[in-house]
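See below for the structure under consideration.
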Amino acid sequence: MSLTYLYKKSALKKILIIQTASIGDVILATPVAEKLHLFYPNASIDLLVKKGNESLFEGHPFLHEVLVWNKKEKKYANLHQLGHRIRKTRYDIVVNLQRFASTGILTACSGARMTIGFDKNPFSFFFTKKIKHRIEPGMHETERNNDLIRELTDGVNMPPKLYPPADALADLEFMKSLSGNMYTISPASLWFTKQFPKEKWIAFMKLIPATSTICLLGSKQDSSLCEELISASGHPGALNLAGRLSFLQSAALMKRAKMNFTNDSAPMHLASSVDAPVTVIYCSTVPGFGFGPLSTDSTVAETDEPLLCRPCGLHGFRECPEKHFRCGFNIALEKLTTRL
């Protein structure tokens, strides 16, 4: 019997979505929430994320509650408490987007009437429904996630979506100093081989008209890199905003920008979530992995040189395995300047 029959013919009241991975993965989980809300508008939808990502959903219009798992302190004690809380809530459906044991345990022990997850999760044999995790050419991660709820909804894919408040930038002093065309650059990445070399960022910033404003975005840890880029480029309109904005404020700023320049990293997905224009630089990775930009106005910039070593991994490395990093250094700046 299909899930559609079971739940469209009954009163589905409580849904839990689980995605406790990185910022980008959580943003790419939002289409699942959007889709379930569209098909079950009266259901109470909760979302479980890891601590630090909950601010993405401040003021969200239809999420009932955002549950938070603190992985950094008392990780397993907190997991145990979450398990009790989830069981007590008595969800009708738990949809687990992750493929790791910890969330598999939460799903299997949730007590929900229906539990859905990918077959690669070690505890998927306890789920009511396990879905094959497909890695196919041209298939986006949002499509893989949609597979989990296809029988509950339909096969139509939806883009990621976040909801920055209308006044997200209202009280920020720097907004008064913006002049000319405004661009954002998110120069950092957790992985060296996914980050456009700083020498290339500097050269690119020197080509951006001096009458423009460049807002450099990132976390507090990225502030020193942003300061170095501003100093070396000498651009008079560059602002270091790393660590000064929330996720939703960054998204709101991206929406206002003429163009946003990012690595293959979380800011790309942040731009997609508000359909902001974006140019994504791919060094060691490729869009074919299924994590490309989804904004209406989006472009990929990558090297034209055929490299046998590229891609060298799904998530990148802390240094180039071949020691030359040609996939980053050989990206022509014209691929960026044409987007100004």
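Under a 5 Å amide H to amide H cut-off, with H placed in plane at 1.01 Å, what residues pair with Gly292 once short-range neighbours are removed?
For Gly292, the qualifying residues are Glu141.
Given the pairs Lys206/Lys335; Lys50/Lys74; Lys198/Lys335; Lys200/Lys323; Lys176/Lys220; Lys176/Lys200, which are separated by over 20 angstrom at their Cα positions?
Working: Lys206/Lys335 15 Å; Lys50/Lys74 13 Å; Lys198/Lys335 16 Å; Lys200/Lys323 17 Å; Lys176/Lys220 22 Å; Lys176/Lys200 29 Å.
Where the Cα-Cα span goes over 20 Å, the pairs concerned are Lys176/Lys220; Lys176/Lys200.
Below 8 Å between Cα atoms, with a sequence gap of 6+, how large is the relative contact order for region 152-214 in percent?
Working: 26 pairs, mean separation 24.4, N = 63.
Averaging sequence separation for qualifying contacts and normalising by length gives 39 percent for region 152-214.
Taking amide H atoms as placed 1.01 Å from N in the peptide plane, list the residues 5 or more away in sequence, or in a different chain, whose amide H sits under 5 Å from that of Val300.
Val280
For Lys200, Lys50, Lys88, what's the largest-to-smallest order of accessible area, 1.4 Å probe?
Lys88, Lys50, Lys200
Let me have the relative contact order for the chain, percent, based on Cα pairs under 8 Å that are six or more residues apart.
Relative contact order comes out at 15 percent.
Out of residues 5 or more away from Leu239 or on other chains, whose amide H comes under 5 Å of its own, with H placed 1.01 Å from N in the peptide plane?
The answer is Ile214, Cys215, Leu216.
Does region 37-175 come out rounded, prolate or oblate, given a ≥ b ≥ c as the square roots of the eigenvalues of its C-alpha gyration tensor, rounded meaning a/c under 1.5 and, failing that, prolate meaning a/b above b/c?
Because a/c hits 1.5 or more and a/b fails to exceed b/c, region 37-175 counts as oblate.
Run the dipole for the chain about the Cα centre, Lys and Arg Cβ at +1, Asp and Glu Cβ at -1, nothing else charged, and hand back the magnitude in debye, nearest 20.
The dipole of the chain has a size of about 1200 debye.
Round to the nearest 10 and report in Å² the accessible area of Cys226, as given by a 1.4 Å probe over the protein chains' heavy atoms.
0 Å²
How much of His64 can a 1.4 Å solvent probe reach, expressed as accessible area in Å² and rounded to 10?
Counting only protein heavy atoms, His64 exposes about 120 Å² to solvent.
Report the local net charge at Arg326: Lys and Arg +1, Asp and Glu -1, summed over other residues whose C-beta lies under 13 Å from its C-beta.
-1
Which order, highest average first, do 133-140, 290-297 follow once you tally other Cβ atoms within 10 Å for each residue and take the mean per peptide?
290-297, 133-140
Reported to two decimal places, what Rg/Rh ratio describes the chain when computed on Cα atoms with Rh from the Kirkwood expression? Provide the component values of the computation, followed by the final result.
Values: Rg = 21.0 Å, Rh = 21.2 Å.
Radius of gyration over Kirkwood radius for the chain works out to 0.99.
Per-residue ellipticity at 222 nm for the chain, helices alone: DSSP H runs ≥ 4 residues times -39500 (n - 2.57), over residue total, nearest 500 deg cm²/dmol?
Only helices count here, giving -8000 deg cm²/dmol.
Largest first, how would Leu16, Leu190, Leu38 line up by accessible area (1.4 Å probe)? Write down the numbers at each step before the final one.
On the way: Leu16 0, Leu190 145, Leu38 115 Å².
If we order Leu16, Leu190, Leu38 from most to least accessible, we get Leu190, Leu38, Leu16.
The values are calculated or read from the model by the stated rules, or taken from the named source; none is laboratory data. Here the structure is a predicted model, which means the values were calculated and not measured. In this analysis, Cβ positions are derived from the backbone assuming ideal geometry, glycine residues included, and neighbour counts consider all displayed protein chains. Protein only, heavy atoms only, side chains kept; ligands, DNA and RNA dropped before computing areas. Shrake-Rupley method; radii C 1.70, N 1.55, O 1.52, S 1.80 Å.
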